[in-house]
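Engineer: Have a look at this one before I ask anything.
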Amino acid sequence: MSIAVLDKAFSILEVLARTGRPLSLAELAEESRLPKPTVHRILRSLRELGYLDNAPRRGSYALSERLASLRAHGRDDALETRVRPTLEQLHQQYDETVNLGMLEGIYVRYVHVVETTQPLRWIVKPGARDLFHTTALGRAIVAWLPDEQRARLIKRLSAALPPRGRRSALQQLDNQLSATLARGCALEEEETVAGVACVAISLQPMGEPLAGISVSVPVNRFPDERRTALISTMRQLSASLQKDRLRAPA
């Protein structure tokens with residue numbers, strides 16, 4: 001990326017910060033004195049990185065909460081601090097491993113892990129990565145992304161998959177993303193690690209569209225009633241995060 005592109009990107013961010021309100025593509029192009037196609041490409045990239053949100057007014061953009069987190073701490077530390085009460089709540093309620101992950105390209109990177117105290121566990125180290133389509137975390141995050149962004153990610157994933165079995169994998173992913181949206185959370189059983197199931201939600205409701213949390217459970221501790229209870233808990237948690245964000249002062 002050239003310095004000129006960085007200059008233009010920061011000019012757009014500064015316009016949004018200065019005006020203090022959502023702006024449309026046309027308004028941003030006028031205020032920044034940049035061509036509309038250039039502004040559109042930069043807006044798309046900034047939104048994919050999580051630094052912009054689509055505002056309620058159709059076709060307008062606003063700064064996201066991620067910029068504030070960059071100012072306060074490192075990206076990972078700030079996110080972990082924000083969601084730590086939620087991670088601890090889930091850990092105390094189920095005593096299973098709770099994961100915080102972030103979408104980076106076509107991968108999910110594990111940022112923080114709270115391990116179960118029970119002897120049978122699945123240990124994943126912070127910094128480990130998985131292709132998003134194989135994990136509940138990745139599906140939860142990608143399912144709630146804007147349609148255009150999700151389509152671009154799936155196109156990139158398609159190019160990275162081996163030709164043999166690619167069509168089947170993409171069809172399965174499409175089915176899983178639809179099921180995730182309908183269910184309110186993502187569910188994955190023994191697809192990434194044998195003997196382990198995961199339930200995950202996106203942190204989009206709290207202004208972190210590229211992050212998610214999951215609970216990993218050995219399948220021998222995951223009978224139908226516990227699966228139903230955990231899915232219900234994760235759905236309620238997502239709704240609670242949305243309410244908390246709406247109640248937060250602007």
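Engineer: Which condition does SER69 not pass, out of (1) at pLDDT below 75; (2) surrounded by fewer than 19 Cβ atoms within 10 Å (Cβ to Cβ); (3) part of a helix (DSSP H, G or I); (4) not acidic (Asp, Glu), if it passes all the others?
Structural biologist: Condition not satisfied by SER69: (2).
Engineer: Same structure, new question: Output the residue which, of all residues in the range 165-193 that are assigned to a loop (DSSP other than H, G, I, E, B) and at pLDDT 90 or above, is farthest from PHE132 (Cα to Cα).
Structural biologist: Within the range 165-193, the subset assigned to a loop (DSSP other than H, G, I, E, B) is 165, 184-185, 190-193.
This time we only want the ones that are at pLDDT 90 or above, so: 184-185.
Details: GLY184: 18, CYS185: 15 Å.
Ranking the qualifying residues of the range 165-193, first place goes to GLY184.
Engineer: If you don't mind, another one. Among the residues of the range 35-63, how many are part of a loop (DSSP other than H, G, I, E, B) and in contact with a Leu (Cβ under 8 Å, 6 or more places away or on another chain)?
Structural biologist: 4
Engineer: Could you look through the range 76-110, keep only residues that are over 26 Å from ARG221 (Cα atoms) and part of a helix (DSSP H, G or I), and pick out the one that is nearest to the chain's Cα centre (by Cα)? Don't jump to the end; show me each part of the working.
Structural biologist: Taking the range 76-110 first, the residues over 26 Å from ARG221 (Cα atoms) are 76-82, 102-107.
Next, from what is left, pick out any that are part of a helix (DSSP H, G or I): 76-82.
Values: ASP76: 13, ASP77: 16, ALA78: 15, LEU79: 12, GLU80: 14, THR81: 16, ARG82: 14 Å.
So the residue we want is LEU79.
Engineer: Return the total of residues in the range 93-108 being crowded, with 16+ Cβ neighbours inside 10 Å, of a type in the set (D, E, K, R) and farther than 18 Å from LEU187 by Cα. Talk me through it step by step, then tell me what you get.
Structural biologist: Step one: filter the range 93-108 for residues crowded, with 16+ Cβ neighbours inside 10 Å, giving 94, 96-103, 106-108.
If we keep only those that are of a type in the set (D, E, K, R) too, we end up with 96.
Then keep just the ones that are farther than 18 Å from LEU187 by Cα; that gives none.
Number of matching residues: 0.
The values are calculated or read from the model by the stated rules, or taken from the named source; none is laboratory data. All values reported here derive from a predicted model rather than from experimental measurement. All Cβ positions, even for glycine, are placed from backbone atoms using ideal geometry, and neighbour counts span all protein chains on display.
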